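S.K.: Below is a structure I'd like to ask you about.
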Amino acid sequence: MSLFRQTLSSSKHIIAITGAGLSAASGIPTFRGAGGMWRKYDALMLATMAAFRDSPSRVWQFYHYRREMALKAQPNDAHMTLARFSIPHLRDKVAPGSTFTLITQNVDGLSTKAFELISSTQEMASAEEPHSTILEMHGRIFDVVCTGYNCRYREENRDSPICPALQGTEALVEAGAMEPDIPLSDLPRCRKCGELARPGVVWFGEVPHHMDEIFRLVDEADLCLVVGTSSTVHPAATLASKVKEHGGKVAVFNVDRSKRDEVADFLFLGPCEKTLPEAIG
Ligand code: BV8
Ligand code: ZN
């Protein structure tokens, strides 16, 4: 820990790459942990455009199930620690003038909620303190996007349920009951043009958001925190190795050993809602 604290105090450009393990303590199952019927379907299969074309009703039930869980979830100590760490004058264990950016694979919006909670309690210092950002590279589960080619309208929609036809299907799904085949006309529609809407997340085979900025941040990072991710999904899985390649340090926070351990300079084994506050809180 003292060696890590030394590294932390001499770091100028810090990034965190976070995954589903960050939200586990908030009651959101990790990607391989989804309950009910989703055990039958590999989430990797449902998080694709092909699955959506094949059965928009099933894919919308999957995302409705996860929306309803995320709506009930609160940020945990790990989210709050990262949010406090994002405010320069609260980041007292690192060099003055340091920068921090949170790059999250999660779509649940809990990191944003934590940042909003912390910012509201801090009279934000004058503008010269660059307020760090969160880059949601896999999109946001509460965004809906139009599937119409010449529309693509995107808006945030936190309605519960997002449409009457999906009401209660999460309970059916949990019970592994027969999955209702909801007609296209009853699924979420674009508010502007009426076309079928899709969840505003990045599916497998689609290009993650903010990649240019992420690669630039990775190139200048001297410390990369890898929190609660199995590092199986690309390109997120390779970012820590890139930091390492140009001499940056890597600290992994995970309950289990994971693929990134071989590049880790520091490995904090345990629940990140405990280990992260200890390490950077
Ligand atoms: C792209 C949004 C090009 C949707 C997600 C072969 C065939 C086809 C495709 C590929 C292929 N090989 C590589 C690919 C590319 C593919 C990919 O990586 N496939 C994998 C499966 C092999 N990737 C893509 O298609 C990406 N696009 O590559 O475009 C490109 C590349 C570069 C630049 C430009 C363009 C798009 C991928 C995005 C997919 N969308 N999410 C949705 O959420 O429904 S990914 C989704 O799965 C999640 O967002 C999350 O990122 C991921 C799951 O990973 P984790 O977050 O790590 O979660 P997981 O459950 O796996 O692990 C949890 C970890 O937490 C565990 O390690 C556990 O031990 C730990 N943990 C648990 N509790 C705690 C804890 N740790 C600490 N504390 C705790 N309490
Ligand atoms: Zn539209």
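S.K.: Limited to the stretch 187-208, what total is found for residues that are aliphatic (A, V, I, L, M) and within 16 Å of ligand 1 (Cβ to nearest atom)?
M.R.: Final tally of qualifying residues: 4.
S.K.: To continue, here is another question. For GLU116, state whether it is modelled with pLDDT of 90 or more, buried (at least 19 other Cβ atoms within 10 Å of the Cβ), farther than 27 Å from ALA171 by Cα and among the acidic types (Asp, Glu).
M.R.: no
S.K.: Which residues, taken from the stretch 167-186, are away from ligand 1 (no atom under 16 Å from the Cβ), surrounded by 14 or more Cβ atoms within 10 Å (Cβ to Cβ) and under 11 Å from HIS64 (Cα atoms)?
M.R.: Once the filter is applied, which keeps residues that are away from ligand 1 (no atom under 16 Å from the Cβ), surrounded by 14 or more Cβ atoms within 10 Å (Cβ to Cβ) and under 11 Å from HIS64 (Cα atoms), the stretch 167-186 yields only THR169.
S.K.: From (1) part of a loop (DSSP other than H, G, I, E, B); (2) over 21 Å from ILE28 (Cα atoms); (3) free of Cβ contacts under 8 Å to residues at least 40 places away in the same chain, pick out the condition that doesn't hold for ILE182.
M.R.: Only one criterion in (1) part of a loop (DSSP other than H, G, I, E, B); (2) over 21 Å from ILE28 (Cα atoms); (3) free of Cβ contacts under 8 Å to residues at least 40 places away in the same chain is unmet by ILE182, namely (3).
S.K.: I'm trying to understand the selection: among the residues of the stretch 187-208, which are crowded, with 18+ Cβ neighbours inside 10 Å, part of a loop (DSSP other than H, G, I, E, B) and over 15 Å from the mean Cα position of the chain (by Cα)?
M.R.: LEU187, PRO188, CYS190
S.K.: Looking at the stretch 238-252, which of the residues that are in a strand (DSSP E or B) and without any contact (Cβ under 8 Å) to a residue 60 or more places away in the chain is nearest to the chain's Cα centre (by Cα)?
M.R.: VAL252
One line per residue, one yes/no per condition, for (1) touching a residue at least 60 places away in the same chain (Cβ under 8 Å); (2) buried (at least 17 other Cβ atoms within 10 Å of the Cβ):
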position: THR18; (1), (2): yes, yes
position: ALA43; (1), (2): no, yes
position: SER57; (1), (2): yes, yes
position: TYR65; (1), (2): yes, yes
position: LEU71; (1), (2): yes, no
position: ILE87; (1), (2): no, yes
position: ALA95; (1), (2): yes, no
position: ASP108; (1), (2): yes, yes
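S.K.: With the requirement that a residue be near ligand 1 (Cβ under 8 Å from one of its atoms), assigned to a helix (DSSP H, G or I) and surrounded by 16 or more Cβ atoms within 10 Å (Cβ to Cβ), what does the stretch 209-237 give you?
M.R.: Hits for the stretch 209-237 are ALA236, ALA237.
S.K.: Pick from the stretch 226-281 the residues that are modelled with pLDDT of 95 or more and among the acidic types (Asp, Glu): which of them is farthest from GLY19 (Cα to Cα)?
M.R.: Ranking the candidates gives GLU245 first.
The values are calculated or read from the model by the stated rules, or taken from the named source; none is laboratory data. Just so you know, these numbers come straight off a predicted model, no measurement behind them. Cβ atoms come from the backbone with ideal geometry, glycine included; neighbour counts cover every protein chain shown.
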